[in-house]
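Coordinate-derived values only; no laboratory data. These numbers come from a predicted model, not from an experiment. So basically every Cβ, Gly included, is an ideal-geometry build from the backbone, and we count neighbours across all protein chains shown.
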Amino acid sequence: MATVKYEDFHIIFTESTGDSYRLKAQSVTGSATGDFQLPFAWEELPRKVSSEKEARAGSEDSLGSSLFNALFSGEVGALYHKTVGHIESQDDLGMRLLLQSDLRDDAFRKLATLPWELMRDASRRQDLSLSSRSQITRFIEVQRPRKMPQLVVPLKILVAYSNPRGTIEIDSDVVARERELLTSTLSKSGDVKVDVLDNASLASIRGALDGAPYDVLHYLGHGSFRKGAGKGFLNLEKGGGDHGLDQVDAVTLGNLLESYTSVKLVVLNACKSAEVAAREDQDAFMGIAPSLVMAGVPAVIAMQYIISAEAAATFSEGFYEHLVRSGSLEGATARGRMRIAESFRDDIEWATPVLFSTLPDSQLLAMERSSAQSSSPEPPASEKKDDAGAEKKDNGGLQQNVQGNKNIIIGQGDLNAGNISFD
């Protein structure tokens, strides 16, 4: 597949009256204004999501097609189809559909909780998220955007893995599959350098980030969202040899990453890590992904519902393989979603990954290699050799390009489309 250059179709929600929103749209082919009316009662959203699989199989209008028709109506719909025609007239063009609303304004809170990634153009039988020619990105405007030169290969990835005592054990077979991808397949190409942090705690992640300028932080483990409190958490370990549970909230994680400006992408293979508080008396930025973006991370990929270990591993495979080939963040996200859809044809888990971005364009990774980045970092202090020369590792310490990597996550349960949890 040829590398796709993405043109922006930027939608900004500007005003709100109840469940009706005024919006403006801008693309390479022009501009338009219009309205978005929530196509169902707000209280029906959990049922709509849970029944989406059955709705697509039957005659009932699906949630995805309802959202698409409500968003792309009138002048905005005409502009959309004009832009699609322009994109499809050239083999190497795609559309980056940017959805932007002010999460600091309670009036727009409901928009952030909608599963836009399910949008489907029923007239063309096309799911927007399952095409390399159109991808959905949730754009968040920040007051102090981080300087963003394109990254260069080799891409430096810190994989932080945690499975604290007392939480659901992550499937060892799926872990082995993910390990092979990052530590062997991708690393052998020379385009990726992977360090693995087992038994990750807040302190050990900070220590690893202090030791090297990583481009990507990839978290593998459990996540959760407490609706009553409106807060998201990652399930890290306590550290210091204690493998007990430390539920680290979104604000603490944001405070951690604010200091590490080399990190340009965070991938959270953890359930509900993209969830946003729905109630107006709660802070939208207490969700994990929005909190990290507001802390200065330019791009975050996270999961809006519960996701199975197998689907998460499949997404990672497609995502990283395409990212190191094309450099395109949207293109890599598309490939990860398509890989899920191809592998789990009866489910809609492909709509679970969400891309949040502040980037001006799709190109995250420049394809020329940096001589400075090609040099291997010094081995971490936790790696020592015994008298026979065999490598010994501190449990919970950093492992550099190690073949014992546990690279996969699940959440506290399964996401099978049609049984999506809102608990």
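A compact table of results
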{"read-out": "Residue-span extension gain [Arg279 to Asp19] - 0.36 nm each, minus C-alpha spacing", "value": "92.2 nm"}
{"read-out": "Projected label distance in nm at Ser259 and Asp361, using a 7 Å step from Cα toward the beta-carbon", "value": "3.5 nm"}
{"read-out": "Label-point gap, in nm, between Glu88 and Ala57 - each point 7 angstrom along Cα→Cβ", "value": "2.9 nm"}
{"read-out": "Exceeding the 32 Å Cα-Cα cut-off - candidates Lys5/Lys147; Lys82/Lys231; Lys53/Lys110; Lys24/Lys48", "value": "Lys82/Lys231"}
{"read-out": "Estimated distance in nm for a label pair at Glu169 and Arg206, the labels positioned 7 Å out from Cα along Cα-to-Cβ", "value": "3.2 nm"}
{"read-out": "For segment 117-180: rounded, prolate or oblate by the Cα gyration tensor [a/c cutoff 1.5]", "value": "oblate"}
{"read-out": "Charge-dipole axis of segment 5-139 as Lys and Arg at +1 and Asp and Glu at -1 on Cβ define it, positive-most pick from Pro39, Phe72, Met95", "value": "Met95"}
{"read-out": "Overall form of segment 5-139 per C-alpha gyration tensor (a/c, 1.5; a/b vs b/c)", "value": "oblate"}
{"read-out": "Within segment 1-105, trypsin sites (Lys or Arg not before Pro) in DSSP loop having at most 16 other beta-carbon neighbours inside 10 Å", "value": "Arg104"}
{"read-out": "Rounded if a/c under 1.5, otherwise prolate or oblate - segment 129-281, Cα gyration tensor axes", "value": "rounded"}
{"read-out": "Residue-wise HN-Hα coupling along segment 298-315, computed from phi with Karplus coefficients 6.51, -1.76, 1.60 (Hz; x: Gly, Pro)", "value": "x, 8, 9, 10, 9, 10, 8, 9, 5, 10, 6, 4, 5, 5, 5, 5, 5, 4"}
{"read-out": "Of the GluC sites (Glu not before Pro) in segment 250-306, those whose Cβ has at most 13 other Cβ within 10 Å and which sit in DSSP loop", "value": "Glu280"}
{"read-out": "Set of aspartates and glutamates near Lys272 by C-alpha distance (under 12 Å), chain-local residues within fewer than 8 positions excluded", "value": "Asp414, Asp423"}
{"read-out": "Amide H contacts under 5 Å for Ser16, placed H, 5+ residues apart", "value": "Arg22"}
